[in-house]
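Some notes on the structure that comes next.
The values are calculated or read from the model by the stated rules, or taken from the named source; none is laboratory data. Remember, it's a predicted structure, so these values are computed and weren't measured experimentally. Backbone-built Cβ (ideal geometry, glycine too); neighbour counts: all protein chains shown. Side chains included, ligands, DNA and RNA excluded: accessible areas come from the protein's heavy atoms. Shrake-Rupley method; radii C 1.70, N 1.55, O 1.52, S 1.80 Å.
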Amino acid sequence: MDPFYLTKKVRDIMKTLRQFRNIIREGLVGMWRNLGMTVASVVSITFVLLMFGFVLLMVLNVEQVVFESGAKLQKIVVFFENNTPQDKLTEVENKFKTMEGVDKVEFTSKEEALNEMKDRLKGDDYILEGLPENPLPVSFTLHLKSLNDGERVAQEAKTIPGVYK
């Protein structure tokens with residue numbers, strides 16, 4: 001390699017660094033000379049970024065609420081009369097599992113329903129202590145494959161003997 005070539009390469013690098021330093025220095029001098037415009041620009045950009053962040057936060061919150069609402073709507077809870085025998089409940093559970101549009105079936109016993117009610121009432125669960133027996137019914141929660149299946153599955157579930165609501 002030619003030593004003159006390395007010297008030229010070093011000179012080019014030094015020239016680029018000087019140009020970069022001059023650009024930065026002149027930019028800072030210009031900002032200092034026009035301090036009012038600099039402050040106005042910084043404030044306006046800050047305001048726009050804050051507005052953008054606020055709008056983005058609102059969109060994400062609305063999206064989350066819609067998603068959670070959709071998940072809650074994809075369930076149908078079927079309550080049975082208190083005197084429904086266990087073998088009938090097993091038969092109905094099998095029927096629900098084979099029903100078109102039902103993805104998953106969850107059984108909730110009277111005791112589980114009472115425990116869930118106590119959890120919801122938190123500090124006010126003393127209200128349930130005076131009851132002579134558990135008044136809550138047995139239920140099945142039907143998780144739907146699609147919201148479109150909801151009306152049809154609900155109508156079909158109403159026709160089953162022993163369904164309270």
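Share of the chain's accessible area from carbon and sulfur, percent, 1.4 Å?
Working: 8200 of 13140 Å².
About 62 percent, which is the carbon plus sulfur part of the accessible surface.
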Which of GLY162, VAL43, ASN61, positive extreme of dipole for the chain (C-beta unit charges):
VAL43
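Under a Cβ-only charge scheme (Lys and Arg +1, Asp and Glu -1), can you give me the dipole magnitude of segment 85-151 about the Cα centre, in debye to the nearest 20? Intermediate values should be presented prior to the final figure.
Values: 9 positive and 16 negative charges, 24 e Å.
With Lys and Arg at +1 and Asp and Glu at -1, about 120 debye.
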Report the charge-dipole magnitude of the chain in Debye, nearest 20, computed about the Cα centre from +1 at each Lys and Arg Cβ and -1 at each Asp and Glu Cβ.
1940 debye
accessible surface per residue for segment 44-165, probe 1.4 Å, DNA/RNA/ligands not counted, whole Å² -> 73 Å²
In a GNM of the chain with a 10 Å cut-off on Cα contacts, which of GLY150, GLY27, GLY101 has the highest mean-square fluctuation?
GLY27
Enumerate the lysines that LYS75 could reach by cross-link, defined here as Cα to Cα under 18 Å, with residues fewer than 8 away along the same chain left out.
LYS95, LYS97, LYS104, LYS145, LYS158, LYS165
Rounded, prolate or oblate: which fits the chain, taking a ≥ b ≥ c as square roots of the Cα gyration tensor eigenvalues, rounded meaning a/c under 1.5, else prolate when a/b beats b/c?
prolate
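In what sequence, largest accessible area first, do ARG11, ARG152 appear using a 1.4 Å probe?
Values: ARG11 125, ARG152 90 Å².
The ranking, largest first, comes out as ARG11, ARG152.
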Roughly how tilted is helix 35-73, in degrees to the nearest 10 and between 0 and 90, from the longest Cα axis of the chain?
20 degrees
Based on DSSP H runs of at least 4 residues, each adding -39500 (n - 2.57), what is the mean residue ellipticity at 222 nm of the chain after dividing by all its residues, to the nearest 500 deg cm²/dmol?
-22000 deg cm²/dmol
Mind checking the angle between helix 3-33 and the chain's longest principal axis? C-alpha axes, 0 to 90 degrees, to the nearest 10.
70 degrees
Positive-end extreme of charge dipole, the chain - chosen from LEU142, VAL29, THR84 (charges on Cβ):
VAL29
Please report, in debye to the nearest 20, how large the charge dipole of segment 36-123 is about its Cα centre when each Lys and Arg carries +1 at its beta carbon and each Asp and Glu carries -1 there.
280 debye
